[in-house]
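Participant: Got a structure for you, written out below as C-alpha cells; questions coming shortly.
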Amino acid sequence: MALTLEQMRHLAKLARLELDDAQLEALMAPINALMAHFEKLQALPLDDVEPTSHSIPVYNAFREDIVGTPLPREEALANAPEARDGLFIVPRIVEE
Amino acid sequence: MEVHAQLLTESKMFCACPTRFGDAPNTNVCPVCLGLPGTLPVPNKKAVEHVIRTALALNCRIAPIALFYRKNYFYPDLPKGYQISQYGEVHPIGTHGYLEIELNGERKKIRIRRVHLEEDTGKLFHYLPGESEVDYNRAGVPLMEIVTDFPPDIHSPEEAREYLVQLRAILTYLKVCDGKMEEGSLRCEPNISVAPEGSNQLGVKTELKNLNSFRSVVRGIEFEVQRQIQILESGGQVVQETRGWSEEGAYSFPMRTKEFEQDYRYFPEPDIVPIQITEEWLESLRKTIPELPLAKAERYRREYGLSDYDARVLTADYDTATYFERCVALGVEPKTACNWITVELQARLNETGRAISESPLTPSHLADLVELIQSGTISGRIAKELFDEVFQTGRMPSEIVKERGLVQISDEDALRAAARQVLEENPDAVQKYHAGKTSVIGFLVGQMMKATQGRANPQRAQQLLREELEKFR
C-alpha cells in the first residue's frame with residue numbers, strides 16, 4: 001500500500017509543509033520504504049491482541065487539584081515572535 | 001447535541017495554573033499549558049472524578065480503562081499543536097448512557113453516546129486587520145464533552161431545551177459545572193437536520209453555535225429547521241456547515257471556517273498513562289451523587305403535593321431545592337414555602353443579581369415571617385413589606401415587628417371604631433352598598449387597611465364593616 005502523490009500532498013498540507021510535486025515525488029521512495037515495514041507488521045495475526053497504548057504497567061498518575069504559581073507574564077510572552085498588551089499576536093486566522 | 005461543560009476545579013487539567021475567569025490575559029499560564037518543550041502533562045484527579053460522577057449520573061457504562069488521545073491540528077487556540085482529548089468511541093470515560101426528560105407529563109429517554117474529558121482552548125480575538133490576538137488563560141481548563149446518540153432521540157426544539165435544562169440541573173446538582181450559559185461555562189451545539197414527513201431519512205445536518213441561553217436554543221433550532229425546509233422545498237440542497245446564531249437579529253449565518261482540514265490523526269497520548277477505574281473507586285464516587293432533579297421533583301409532588309410546575313421550578317437548581325427543603329424542615333408548609341420562594345424571593349434575587357445561596361433572607365427568616373402571618377400577628381400586606389426590609393437588612397422579621405409595633409390589631413373595639421370611621425368618611429360608598437353594589441366592600445376594606453397602617457386582619461375587617469354597614473341602613 002504505497003502512498004500516492006495525492007496522499008503525499010494531503011500529508012504535506014496537514015503538516016503545513018510547503019513542498020512542490022517534484023519535492024514530494026523525491027520523498028515518496030523513502031516514505032514508501034517505511035510503509036513497507038508497517039505492511040510487515042500488519043501481516044501479523046494480532047486480531048486477539050489489545051492495541052498497546054502504553055508499554056509500562058503504570059496507571060493513574062494524577063495530581064491533586066491544587067493551584068500553583070503561574071509564570072510572570074513577561075516570561076510567558078518572552079519567546080513570542082510578537083506580543084502586545086499581554087496578548088500573543090499571530091497571523092490572521094480567520095477571513096477578514 | 002454536543003455539550004461542553006467547564007469543570008469546577010481550582011487548577012487546570014494538566015497543570016497547576018488557576019482556572020479563574022476574567023483575569024488579565026496570559027497571567028494564568030505556565031510552561032505546560034503554553035506547550036513549551038520538555039514539559040509533561042499530569043491529569044487533575046478531581047476533574048477525572050467530576051467526569052466519572054457525571055457519567056454515573058447519566059447512567060453510563062464506565063470504562064475500566066480510559067485513555068487520553070492527541071487530536072492534532074494547526075490552529076493557535078492551543079499552543080501545543082494538538083488538544084489532549086479522548087477519542088470517539090475508544091476508551092472515553094462514559095458510554096451507552098441516557099438522560100430522562102419529562103415533557104407534557106411524559107417521560108422520554110435521550111440516549112447519551114459518550115461523556116469524555118478534554119482541555120479547553122485559549123481565546124482568540126481579531127481586533128486589528130492582518131492579525132489575531134491570543135489569550136491562553138483558558139487553554140487547559142478541564143472541559144467535559146457530552147454527546148447524545150445517533151440516530152437522534154431529540155425531535156423538537158422543546159425536547160432540545162428540556163434535555164439541556166435537565167442536563168444543566170444534573171451538572172449543578174453534582175457541582176461539577178456552574179452551568180452559566182451566558183458566560184460560556186456551559187456551551188451547547190445542536191446538530192440539526194430534517195426528514196420528509198413520515199420518514200426517518202434525515203437530510204444533511206448543520207451545526208449551530210453561539211446559543212447562550214435556553215431561549216436562544218429554542219429560537220435557533222426553530223429558525224434552522226425552517227431554513228432547511230425552505231431550501232429543500234425550493235429544490236435546493238442543505239450545505240453541511242457550522243453556523244452561528246445571532247440572538248439580536250434572530251437568524252443563523254455561516255461561520256467563518258477554520259482553515260484546517262478535519263483530519264486530526266488521533267493517537268494515544270504517550271505522556272499520560274491510562275486511567276484505571278476500579279470498582280472501589282466507582283463505589284466511593286457513587287456515594288457522592290445526590291438525589292437528582294427528576295427524582296426530587298417526583299418526590300416533591302408525592303410528599304408535598306406540589307404541582308408539576310412548582311416541583312420543576314424548585315428542582316431546576318440545586319441551591320433552590322436546598323433552600324426549599326430547609327424551609328420545610330423549619331416547619332413551613334411546603335406550598336407556602338414554594339410561593340414565597342418562587343415569587344417574592346425570586347423577584348428580589350433577579351433584581352439584585354444575587355444567587356439564592358447568597359440571599360440575605362435565609363430559610364430561618366422565611367420561617368419566622370410565615371409563623372408571624374399564621375399566628376395572626378401580622379397581615380399579609382405587612383409581611384410583604386417586611387420581606388423587602390429583611391431582604392435588604394438580613395434582620396429577623398419578629399424583631400422588626402416588635403420594634404415597630406407592627407403587630408396586627410386584635411382589639412375588637414379599636415377595629416370596630418376604625419370601621420365606623422371609614423364608613424362615616426365614605427358616605428358615597430355606603431350608599432352604593434345599600435343600593436346593592438356590594439362589591440364596594442373591597443374598597444372599604446382597603447380604606448380600613450390604610451387607616452390602620454395595614455395592621456388590621458383583612459377578613460376580620462370585612463366582617464366588621466359588613467356588620468357596621470347593616471347598622472347604617
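All of the numbers you see were taken from the coordinates with simple rules; none came from a lab. No experiment lies behind these values; they were computed from the predicted model shown. Don't worry about glycine lacking a Cβ; one is built from the backbone with ideal geometry, like all the others, and counts go over all protein chains shown.
Participant: Need the C-alpha centroid separation for segment B:87-150 versus segment A:22-86, integer Å.
Facilitator: If you average the Cα positions of each part, the centres end up 23 Å apart.
Participant: With an 8 Å cut-off on Cα pairs and a minimum separation of 6 or more residues, tell me the relative contact order of chain B in percent.
Facilitator: Over chain B, the number comes to 12 percent.
Participant: For segment B:87-99, take each phi angle, set θ = phi - 60°, evaluate the Karplus expression 6.51 cos²θ - 1.76 cosθ + 1.60, and give the result in whole Hz per residue in order, putting x for glycine and proline.
Facilitator: 10, x, 9, 8, 6, x, 5, x, 9, 6, x, 7, 10
Participant: What's the angle, to the nearest 10 degrees (0 to 90), between helix B:458-472's Cα axis and the longest principal axis of chain B?
Facilitator: That works out to roughly 30 degrees.
Participant: To the nearest Å, what is the center-to-center distance of segment B:328-345 and segment B:29-78, using C-alpha atoms only?
Facilitator: After rounding, the separation between the Cα centres reads 42 Å.
Participant: Quick one: Karplus J couplings for segment B:15-29, per residue in order, coefficients 6.51, -1.76, 1.60, θ = phi - 60°, nearest Hz, x for Gly and Pro?
Facilitator: Using θ = phi - 60°, the values come out as 8, 8, 5, x, 9, 3, 9, x, 6, 4, x, 6, 9, 10, 9 Hz.
Participant: Turning to a different aspect of this structure: Give a quick list of trypsin sites (Lys or Arg not before Pro) in segment B:1-49 that DSSP marks as loop, anything other than H, G, I, E or B, with at most 15 other Cβ atoms within 10 Å.
Facilitator: Answer by residue number: B:R20.
Participant: Here's another thing I want to ask about it. Taking only Cα atoms and a 10 Å spring cutoff, compute GNM fluctuations for chain A and point out the largest among A:P81, A:P45, A:P57.
Facilitator: Greatest mean-square fluctuation among the candidates belongs to A:P81.
Participant: Which trypsin sites (Lys or Arg not before Pro) does segment B:393-455 hold that lie in a coil by DSSP with at most 11 other beta carbons within 10 Å?
Facilitator: B:K437
Participant: Measure up B:K80/B:K175; A:K13/B:K180; B:K123/B:K175; B:K46/B:K108 against 28 Å on the Cα-Cα distance and list the ones that go over.
Facilitator: Checking Cα-Cα distances, B:K80/B:K175; A:K13/B:K180; B:K46/B:K108 exceed 28 Å.
Participant: Something else now. Could you tell me the center-to-center distance, by alpha carbons, between segment B:410-445 and segment B:362-400 in angstrom?
Facilitator: 29 Å
Participant: Please report the relative contact order for segment B:293-404, taking Cα pairs under 8 Å with a sequence separation of at least 6, and give it as a percent rounded to a whole number.
Facilitator: Contact order relative to length: 21 percent.
Participant: Right, another one. Which percentage, to the nearest 5, of the DSSP beta bridges contained in the protein assembly as shown is antiparallel?
Facilitator: Bridges in the protein assembly as shown are about 95 percent antiparallel.
Participant: Based on the Cβ-Cβ distance from B:E403 to B:Q226, what FRET efficiency comes out when R0 is 51 Å, to the nearest 0.05?
Facilitator: 0.25
Participant: Taking 7 Å along the Cα-to-C-beta vector as the label spot, tell me the B:V343-B:D263 distance in nanometres, rounded to one decimal.
Facilitator: 6.5 nm
Participant: Step through the table entries B:K335/B:K402; B:K12/B:K45; B:K71/B:K109, compare each Cα-Cα distance with 22 Å, and write down the pairs that go over it.
Facilitator: Too far apart for the 22 Å limit: B:K335/B:K402; B:K71/B:K109.
Participant: Something else now. Suppose the chain between B:K335 and B:E283 were pulled fully straight at 0.36 nm per residue; how much longer would it get relative to their current alpha carbon spacing?
Facilitator: 15.1 nm
Participant: Can you pull out the GluC sites (Glu not before Pro) in segment A:1-42 whose DSSP state is coil and whose Cβ has at most 10 other Cβ atoms within 10 Å?
Facilitator: Those satisfying the criteria are A:E18.
Participant: Helix A:21-42: angle to the longest alpha-carbon principal axis of chain A, degrees 0 to 90, nearest 10?
Facilitator: Value to nearest ten degrees: 70.
Participant: What are the ³J(HN,Hα) couplings of segment B:328-345, residue after residue, when phi is run through the Karplus curve with 6.51, -1.76, 1.60 and θ = phi - 60°? Round to Hz, x for glycine and proline.
Facilitator: The phi angles translate into 4, 4, 8, x, 6, 4, x, 5, 4, 4, 4, 4, 4, 5, 7, 9, 5, 5 Hz.
Participant: On a 0 to 90 degree scale, rounded to 10, what angle separates helix A:5-14 from the longest Cα axis of chain A?
Facilitator: Between the helix axis and the principal axis of chain A, the angle is about 20 degrees.
Participant: With loop defined by DSSP as not H, G, I, E or B, and exposure as at most 16 other Cβ atoms within 10 Å, which is the longest segment of chain A clear of exposed trypsin sites (Lys or Arg not before Pro)?
Facilitator: A:17-91
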